[in-house]
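Notes follow the structure.
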Amino acid sequence: MLILDGQTSLLYFRGQKIWQAIILDLLPKGLSHAKKVESQLHFLIEKWALLSGCSAGGLATFLHCDNFTKFLPRNATVKCLSDAGFFLDATDIRMNHTFRSFYNDLITLQGVEQNLDKNCTSLVTYPQQCFFPQYALRYIKTPFFILNTAYDVYQFHHILVPPSADPRGHWNRCKNNITACSEHQIQILQGMLDYRKEMLIALYPFYRNSRSVGMFINSCFAHCQSESQDTWLAVDSPRVQNETIAEAVGNWYFERNITRLIDCAHPCDSTCHNLIIA
């Protein structure tokens, strides 16, 4: 319910219904054929389904992945890819859980908790934690690929250094130009509050224990890298261990190898297409 100028209005959030309506619309248009079929020549033909999204869509991919699988035939080959959706449950520079509070408010406002994975919500301290991929991923059964930068620009601006943690704007120049960061700010980025290290720690259980989870974690100051040809597959695309994002995803998707590529720390990567000067 929204109260504005003494007037009350009801707010309706239809994301879950829209999601279901879209999938049900796509099924008769070909999505339901995402399965292994044998041709008349007895060759095995693979028809695959991939659910992917970027940023908020990347987060939604974590939340809807197994649900997407349930819509498809049991013999379908289904996989999911999140681009820039691995939002961390991390503290800001003042050691406050600003983004966790934001998510809690969002979950309450939109009534999202009922759609979170029940296996996850029954085992964590707070059910809202299951909105964060680092807690939800261990309960996802569908093969998953995580495409993320360890220095995600959105997370840098809204999780590590949100406006509430920097009311006087001491970080503004650093946010817009990494070369303008002070030595102290660089220490925060690379030192005790090493955001990259936090992300790798959160990813480590899946890196170590899951053969179905693929990763491409580079060290660029970017946000979303699968939607642009420049960063997806080009002569000068970002690379980790000399693999482009498209090559890494393809190797994982078609099961050519176990793809878990982790970049070295900034500023070692010269292949980045940074959104901010670095």
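Just so you know, all these numbers are worked out from the coordinates, no wet-lab data involved. Small disclaimer: the values here were computed from a predicted structure and weren't measured. Positions of Cβ are generated from backbone atoms using ideal geometry, with glycine treated the same way; all protein chains shown enter the neighbour counts.
Things worth noting here:
- Ranking ASN67, PHE99, SER55 by Cα position along the charge dipole of region 46-111, where only Lys, Arg, Asp and Glu carry charges on their C-beta atoms, puts ASN67 farthest toward the positive end.
- Among residues other than GLY58 with Cβ under 13 Å from its Cβ, the summed charge is -3 (Lys and Arg +1, Asp and Glu -1).
- Computed from backbone phi, the HN-Hα couplings of region 152-169 come to 4, 4, 4, 5, 4, 7, 10, 10, 6, 10, x, x, 5, 8, 9, x, 9, x Hz, rounded to whole numbers (Karplus: 6.51 cos²θ - 1.76 cosθ + 1.60, θ = phi - 60°; Gly and Pro given as x).
- Local electrostatic count at ILE146 - Lys and Arg +1, Asp and Glu -1, tallied over other residues with Cβ under 11 Å: 0
- Aspartates and glutamates with Cα under 19 Å of LYS17, excluding same-chain neighbours fewer than 8 positions away: ASP25, ASP66, GLU113, ASP117
- Peptides 249-255, 134-140, 106-112 ordered by packing proxy, namely the average of other Cβ atoms within 10 Å per residue, highest first: 134-140, 249-255, 106-112.
- Distance from region 45-119 to region 194-266 (C-alpha centre basis), Å: 18
- Under-5 Å amide H pairs with ARG239, H placed in peptide plane, nonlocal only: THR271
- DSSP H segments from the chain that extend 20 Å or more along their own axis, Cα-based, with Kyte-Doolittle mean of 0.0 or above: 56-71
- Hits among aspartates and glutamates - C-alpha to C-alpha of LYS29 under 19 Å, sequence gap 8 or more where chains match: GLU46
- Sorting 122-129, 219-226 by average packing, meaning the other beta carbons within 10 Å per residue, from highest down gives 219-226, 122-129.
- Hits among aspartates and glutamates - C-alpha to C-alpha of LYS197 under 16 Å, sequence gap 8 or more where chains match: ASP89, ASP92, ASP152, ASP263
- Sorting 267-273, 196-202, 154-160 by their mean Cβ neighbour count within 10 Å, with the most densely packed peptide first, gives 154-160, 196-202, 267-273.
- Neighbours of GLN128, meaning other residues whose beta-carbon lies under 12 angstrom from its beta-carbon, give a summed charge of -2 when Lys and Arg score +1 and Asp and Glu score -1.
- Tensor-based shape of the chain (alpha-carbon gyration tensor, a/c under 1.5 rounded, otherwise prolate or oblate): oblate
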